[in-house]
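Chemist: Take this structure, written in structure tokens, and hold onto it; I'll ask about it next.
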Amino acid sequence: MTEYNSRIAIVVMAIAVCLFSWLQARRILSPWHRLPLDYTLGLFSLTYAAGCMVLFASQEEYLLRYYGGSVFLPTNISYWLVLSVAVIPYLIVPWSVVILSALWKPSRALRYRPPLRPDAVVLGLGMVIIGSLLVVTPVAPLLISNALGDLAATTSQSALYVKRAEVFQATSFLQGAVIYSVLPPSAAIIMFWPSRRPWLNGIAGGTLALLALLLNLGMFQIGPTLTFLLVCVFCHAALRGGRPHPVLVAGAVGLGSIAFGLYSLVKTSSTDLGSAELFIMRLPIPLPYLIQMSSQAPPPGSSPMDLGLDLGEYMFPQLRTAQRFVTMPQPGYIDAWFNYGYAVGIFVLFCCGVMITIFGNLLAQNDFGRKDFDPRLILWSVVAAPSLYYAFQVDVWNLFTSAFSTTVCLIPVLAILTLNAFMPPQNGALPALRQPSR
């Protein structure tokens with residue numbers, strides 16, 4: 001018990017160090033950089049750092065509780081390393097944003113800002129949505145059936161992996177990309193777009209969002225469903241100058257908890273793990289196994305691994321032949337750290353700071369915090385929210401090339417902006433002069 005209390009004291013000190021670094025950086029930053037920084041580190045805290053600290057405090061006892069003896073216990077690991085990888089992002093990312101935002105400020109000069117034409121928005125979104133529906137129509141009946149029937153009938157983790165593999169074989173990369181990363185942001189754009197009839201936007205966007213959520217659940221995926229809720233919270237916060245309404249945030253958290261709770265029944269079956277615990281631990285729980293696996297692999301940089309697949313096969317060798325694959329994804333900086341060395345992992349964290357700075361500057365340039373904001377603020381918000389979330393959920397390559405990548409999220413945004421750029425100014429008028437945020 002004394003040793004456990006000592007570890008708890010160390011965890012408390014680590015939390016204090018992380019909060020001190022984060023809060024001190026916030027005091028220096030502008031509001032438009034605080035929002036993406038708080039969003040990114042807040043989600044990292046919930047989905048990875050908290051779990052690492054639980055593992056450091058409880059160690060093998062927690063692994064036994066989580067897996068119930070179905071997986072071997074790693075023996076050649078350092079739990080100090082588990083704690084270190086949770087703390088380091090708080091020391092690198094906020095101060096990267098501080099330095100970059102001081103060197104790279106959004107333009108404050110008066111400049112021409114062509115207003116977004118309503119017909120460009122309608123036509124651009126219409127083309128994207130119609131094209132997306134044509135792409136997913138062949139698999140829509142299967143996915144909706146899965147969401148409404150097969151998902152509730154799936155009662156074990158191994159059965160879930162089998163059905164997920166079957167769905168992946170039946171769908172193409174393009175169909176997955178549309179379902180994960182085109183329909184949800186398109187729905188968010190419609191829901192938050194300024195309109196004289198907001199209720200109509202809510203109905204249209206909500207209908208599209210419901211379809212996207214059904215298709216995502218039909219692919220036995222919960223991540224994109226939760227990501228859509230995060231997009232809505234981020235858009236709301238951006239429109240309110242970084243001060244989201246507590247009731248809306250609480251509602252989004254409640255909906256996310258319900259969705260994940262229902263879905264997690266599939267994975268909990270015979271254990272006493274709650275949905276919140278599953279969500280917090282799903283990414284960090286393989287970390288002790290990764291540390292042991294990396295000590296048995298060639299030196300970093302000599303033979304890059306497909307980390308998620310290799311780690312899944314290492315942990316569940318008995319499922320490799322029966323279920324084809326089991327993947328255990330890790331954040332991009334962890335993937336780089338264990339594949340190429342510590343320096344590359346630190347560089348990836350710096351790149352996360354670059355992303356936060358870029359999105360912060362885009363918010364500032366589109367009148368962040370103003371009542372008469374430029375609607376482009378919504379367009380960049382629906383890209384920033386999933387990009388910053390997945391920055392600490394997947395490796396760097398998948399962040400830009402997978403079906404849930406930043407690249408795919410840009411499709412509806414670029415469709416609108418491209419059409420607006422090629423259309424003549426409305427009524428032949430010159431573009432209006434606008435002053436970016438101060």
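The values are calculated or read from the model by the stated rules, or taken from the named source; none is laboratory data. Note that the coordinates shown come from a computational prediction; the quantities given were computed from them, not determined experimentally. Glycine gets a Cβ as well: all are built from the backbone with ideal geometry, and neighbour counts include every protein chain shown. Areas reflect the complete protein model, heavy atoms only, side chains present, ligands, DNA and RNA absent. Shrake-Rupley method; radii C 1.70, N 1.55, O 1.52, S 1.80 Å.
Chemist: If you roll a 1.4 Å probe over the stretch 4-65 with all protein chains in place, what percent of the accessible area is carbon or sulfur?
Modeler: Looking at the stretch 4-65 in its full context, I get 68 percent from C and S.
Chemist: Further question: Local charge sum around Met293 (other residues, Cβ-Cβ under 10 Å, Lys/Arg +1, Asp/Glu -1)?
Modeler: Summing Lys and Arg as +1 and Asp and Glu as -1 gives -2.
Chemist: Could you check how many percent of all C-alpha pairs in the stretch 8-67 are farther apart than 12 Å? If you can, show how the numbers build up before the last one.
Modeler: On the way: 1278 of 1770 pairs.
Counting pairs separated by more than 12 Å, the tail of P(r) holds 72 percent.
Chemist: I'd like the carbon and sulfur percentage of the solvent accessible area for the stretch 182-229, probe radius 1.4 Å, heavy atoms only, ligands and nucleic acids excluded.
Modeler: Working: 1320 of 1870 Å².
Percent of accessible area from carbon and sulfur atoms in the stretch 182-229: 71.
Chemist: Another one. So, for the stretch 1-111, what is the accessible surface per residue at a probe of 1.4 Å, expressed in square angstrom?
Modeler: Roughly 49 Å² per residue, with all protein chains present.
Chemist: Sort 357-370, 388-401 by packing, meaning the average of other beta carbons within 10 Å per residue, with the highest value first.
Modeler: With the highest mean Cβ count within 10 Å placed first, the list reads 357-370, 388-401.
Chemist: One-quarter of the Cα convex hull surface for the stretch 1-141, in nm²? Intermediate results must be reported in sequence, preceding the final value.
Modeler: Numbers: hull surface 63.1 nm².
Reported value for the Cα convex hull: 15.8 nm².
Chemist: Here's another thing I want to ask about it. If Lys and Arg each add +1 and Asp and Glu each add -1, what is the summed charge of the other residues whose beta carbon sits under 14 Å from the beta carbon of Phe72?
Modeler: For residues surrounding Phe72, the net value is -2.
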